[in-house]
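Inspection log for the structure reproduced underneath, given as structure tokens.
The values are calculated or read from the model by the stated rules, or taken from the named source; none is laboratory data. Here the structure is a predicted model, which means the values were calculated and not measured. Here Cβ is always computed from backbone atoms with ideal geometry, including for glycine, and neighbour counts include all displayed protein chains. Ligands, DNA and RNA are stripped out before the accessible areas are found, and what is left, the full protein with its side chains, is counted by its heavy atoms. Shrake-Rupley method; radii C 1.70, N 1.55, O 1.52, S 1.80 Å.
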Amino acid sequence: MTITQIFDGLTLAGLPTASDEFVNADFLVFATPTLGVDEGYEISLAIKVVLPALGERTLYEAIADTKDAIRIPSELGQTGLTLKAYLATPYQVAMQMYVINESDNSSSAEYVEQFVAADLTANMITIVHGLGKNFPIVQLYDGEAKLTDRATISSPTENTVLLDFTPILDSPPITGTYTVRIA
């Protein structure tokens, strides 16, 4: 789990206050040092995607309370998109805002590589993906872009995947170009 501060300052009374940009988050939480632990402010919250050529677009809006943790819908929070949170309070308030990512691996990156039979050594190929994932999702496609289970897949390290094409019974040799997608 990671906790990252995305705002520390005063909100603007009645006007939207923007957080820093963030990527991949499951929750928003707030700290309001001038209030007691069980007290909070009602806020209007918007989460916007930051699009370099097009500006910002609103993806999610809610009325919330600063004493509550706000779950960010996973279809927004775990996309790898650059996001910003905007909040509006009726009064100027000293506040900190944090995002929490529950995952031990906050990367939503993927790695894609193509290879041919000549790239294999003893019917195996090691793919170095560098994603830092102990249990990555691995998809293998044949030359016709069909998902295949032709290889035995293992992940010897958090940055490599081993594909073993050792023939089973009378399986044909591999031919053509294969594509591996790791996420």
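Here region 1-55 is described by how far its Cα atoms reach on the three principal axes: 42, 33, 17 Å, from widest to narrowest. Ellipsoid fit via the Cα gyration tensor, region 43-83: semi-axes of 21, 12, 7 Å, each the root of five times an eigenvalue, largest first.
Taking the accessible area of the chain, probe 1.4 Å, and keeping the other protein chains in place, the carbon and sulfur fraction comes to 53%.
Mean projected area of the Cα convex hull of the chain, taken over all directions, amounts to 13.7 nm². Around the amide H of K67, modelled in the peptide plane, lie the amide H atoms of Y41, all under 5 Å away and 5 or more residues distant in sequence or on another chain. Lysines within cross-link reach of K48: Cα-Cα under 30 Å, excluding same-chain residues under 8 positions apart? Partners within reach: K67, K84, K133.
By its C-alpha gyration tensor, with a ≥ b ≥ c as the square roots of the eigenvalues, how is region 105-172 shaped: rounded for a/c under 1.5, else prolate for a/b larger than b/c, else oblate? Prolate, since a/c reaches 1.5 and a/b exceeds b/c. Measuring gaps between exposed loop sites in the chain (GluC sites (Glu not before Pro); DSSP loop; at most 14 other Cβ atoms within 10 Å), the longest gap, sites not included, is 40-101.
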